[in-house]
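K.L.:
Have a look at the structure that comes next, please.
The values are calculated or read from the model by the stated rules, or taken from the named source; none is laboratory data. Remember, predicted model here, so these are calculated numbers, not experimental data. Cβ coordinates were reconstructed from backbone atoms using ideal geometry, including for glycine residues, and neighbour counts include every protein chain displayed. Please note that ligands, DNA and RNA were not included when accessible areas were found on the heavy atoms of the full protein model with its side chains. Shrake-Rupley method; radii C 1.70, N 1.55, O 1.52, S 1.80 Å.
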Amino acid sequence: MGYLLKSIVGAALFIGGIVVFNVKLVELLEVGTCASGNQPFEVARECPEGTGAAIGLMMGSIFAGLIGAALFAFRGDPPWGGGRRGPVLSAFSWGTFAWGTFFAASGAAILIASRSSESMPADGKLGGTIVGITFLI
């Protein structure tokens, strides 16, 4: 039972972390450049309400995704499998899969959002395009 529970919770945390990260990153790209607080210069554009919360949720989603990936990767051997791996699975790594999934999903989401959003400012579109292409490469 522990194997299945760790698998489900770990996968849910990892996938949920990727989704929240991408949603909040696209939200911040739609804001564009801004500044708030006690600055020694004149602020040209104030950050909208909730920008700090979006940044906090992005950081939290990264930690949730890492915890979920670790929980899934170290869930142990299935009770029905006997612990033997075939030659194809012995070369497979869940860490490499998680790393590739995060960057591919994030790059695709950011690139699509930056190229299709009409409300995103020019600096957000440029930043999204650069980040999306970099993540996909």
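K.L.:
Taking the chain as a Gaussian network, Cα atoms linked when under 10 Å apart, which of S116, S106, S61 shows the biggest mean-square fluctuation?
P.N.:
Maximum among the listed residues: S116.
K.L.:
Give the residue from G60, L71, G17 lying farthest towards the positive end of the charge dipole for the chain; charges sit on Cβ (+1 for Lys and Arg, -1 for Asp and Glu) and the dipole is referred to the Cα centre.
P.N.:
L71
K.L.:
Tally up the carbon and sulfur contribution to the accessible surface of the chain as a whole percent, 1.4 Å probe, everything protein left in place.
P.N.:
70 percent
K.L.:
Here's something else I'd like to know. When only DSSP loop residues count, what GluC sites (Glu not before Pro) in the range 1-68 have their Cβ near at most 12 other Cβ atoms within 10 Å?
P.N.:
Filter output for the range 1-68: E42, E49.
K.L.:
While we're here: In µm²/s, what is D for the chain at 20 °C and 1.002 mPa s, where D = kT/(6 pi eta Rh) by Stokes-Einstein and Rh is the Kirkwood radius from Cα pairs?
P.N.:
Rounded to a whole number, D works out at 125 µm²/s.
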